[in-house]
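> Encoded as structure tokens, here's the structure I'll be asking about.
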Amino acid sequence: MYSIIYLTFFDMDYQLQSSYTERPSLFELFAQDELTDLLQPAVKYVLSILATRYPRYLLRLVNKHEEFYALIMLIVESHYLRTQNASFTESFYGLKRRNRPAFEPTHSSPYLDKHHQAFDKLTKGQIYGSLVGVPYLRTKSKELYDIWGGNTSGELFRDSEHSQQESTYKRTFKKVYPYANLALESILLSYNLRYMFNSTPFYRPWLQWMNIDIRRATLADLMQASKSSNNKSLLRKIPSYLLSSLKTALPVTLFILKFLQWWYSSQSPRLQHEEAKKANDSRTPPPAKLTKHPESAVKDAHIRYGIDPLTGEPLENATLTPTGYVYSFKSLFDYVEKHNRCPVTLKPVKVTQLRKVLL
């Protein structure tokens, strides 16, 4: 009996999942959005690094990074939307965009599949309307708010009418932007919640305005994209191949970028090894040992450890000279006070230079 109940619930769950196989989860959409948000900082970081080497050619691109990135993404996104009905990051996660039909088919058939596959193709207006406009406006407005939201003391010294009007625009923008951004984030949150509970097929408002929903790409979509690319001439295949290879080049490039960033960081073992080597090389070497003078007062050929060189007896109250030799205090003090020199090396030594050694 329990097995029958289990199989019944399993069959219901399987049917529920199979009816939504083409509908991506909200977490998949969040993942591709996060990848989109990571692309622009990565491109800006690479440009800033290259601009330090070639400022004459790349400094203007860094200063106009938002416009340059929007132009690059316009080319890339146009290619992917024309060939795969998906943006670059959506195709990376196996998703697609389609012109949402008025009624969803409840069952599949060859005729319906062919009809809807033709209907899924986006129009030119939808292609260029869903590219980079909204991301560019959001990034540019945030950058302007970061620039204008700082100190405004410089505006006090501008007397021209044009400057005063410009300052008024900036103050208005700084007041309006936080509330507009809060309203937009609230709208996005409501769309996310509605999409998660299957109340709407759109997880972004601008997709609803253009009647575009996002689905999982099927095998037929991949075969159609491959077939359309094979029908192109050789000259048209080259740029298409380069743009399509970004799906493979992107993770490799990001991995190399993060590896180089780690390799040249302060936590890199390479840098730590070089710093340790420099510290060892810059360390002051110990002075050379002063040898015994032929006319020294020490008669033994070899000075033994723990033995006073003057008396030949064990050290008592060990005392050190600047030349590096140790004697008993009494014998050394008497000798230096009389001769003002080291008994072994005959170097000049004063009584005030003697130092006792704690053994």
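The values are calculated or read from the model by the stated rules, or taken from the named source; none is laboratory data. Everything quoted here is computed from the prediction, not taken from an experiment. Reconstructed Cβ throughout: ideal geometry from the backbone, glycine too, with neighbour counts over all protein chains shown.
> Can you name every residue in the range 248-272 that is assigned to a loop (DSSP other than H, G, I, E, B) and within 12 Å of the chain's Cα centre (by Cα)?
Ser265
> Give the residue that is farthest from Thr248 (Cα to Cα), with candidates limited to residues of the range 74-103 that are among the charged types (D, E, K, R) and not in a helix (DSSP H, G or I).
Arg100
> I want to confirm something. Restricting to the range 39-56 and keeping residues that are without any contact (Cβ under 8 Å) to a residue 12 or more places away in the chain and loosely packed, with under 13 Cβ neighbours inside 10 Å, which single residue is nearest to Phe68 (Cα to Cα)?
Selected residue: Pro41.
> Report yes if Glu295 is in contact (Cβ under 8 Å) with a residue 24 or more places away in the chain, of a type in the set (D, E, K, R) and part of a loop (DSSP other than H, G, I, E, B), otherwise no.
It is true that Glu295 is in contact (Cβ under 8 Å) with a residue 24 or more places away in the chain, of a type in the set (D, E, K, R) and part of a loop (DSSP other than H, G, I, E, B).
> Follow-up. Would a scan of the range 284-307 turn up a residue that is at positive phi, at pLDDT 75 or above and touching a strand residue (DSSP E or B) at 6+ places or on another chain (Cβ under 7 Å)?
Yes, there is a match, as at least one residue in the range 284-307 is at positive phi, at pLDDT 75 or above and touching a strand residue (DSSP E or B) at 6+ places or on another chain (Cβ under 7 Å).
> From Leu61, Leu71, Leu50, which residue is touching a Phe, Trp or Tyr at 6+ places or on another chain (Cβ under 7 Å), assigned to a helix (DSSP H, G or I) and at pLDDT 80 or above?
On inspection, the qualifying residue turns out to be Leu61.
> May I pose another question? Kindly indicate the residue of the range 343-359 that is touching a residue at least 24 places away in the same chain (Cβ under 8 Å) and within 15 Å of His293 (Cα to Cα) and also surrounded by the most Cβ atoms within 10 Å (Cβ to Cβ) among those meeting that condition.
That would be Pro343.
> Hey, could you check the range 10-37 for residues that are modelled with pLDDT under 50 and surrounded by 10 or more Cβ atoms within 10 Å (Cβ to Cβ) and say which is nearest to Ile212 (Cα to Cα)?
Tyr20
> Please work out which residue is farthest from the chain's Cα centre (by Cα), limiting yourself to the range 325-343 and to residues that are within 16 Å of Asp308 (Cβ to Cβ) and in a loop (DSSP other than H, G, I, E, B).
Pro343
> Only residues in the range 132-146 that are among the basic types (Lys, Arg) count as the first member; pair them with residues that are at pLDDT below 85, Cβ under 6 angstrom, at least 6 apart or cross-chain, and list the lot.
Close Cβ pairs (under 6 Å, with a partner that is at pLDDT below 85) amount to Lys140/Glu66.
> Next question. Please determine whether any residue of the range 214-221 is hydroxyl-bearing (Ser, Thr, Tyr), outside any helix (DSSP H, G or I) and at pLDDT below 85.
yes
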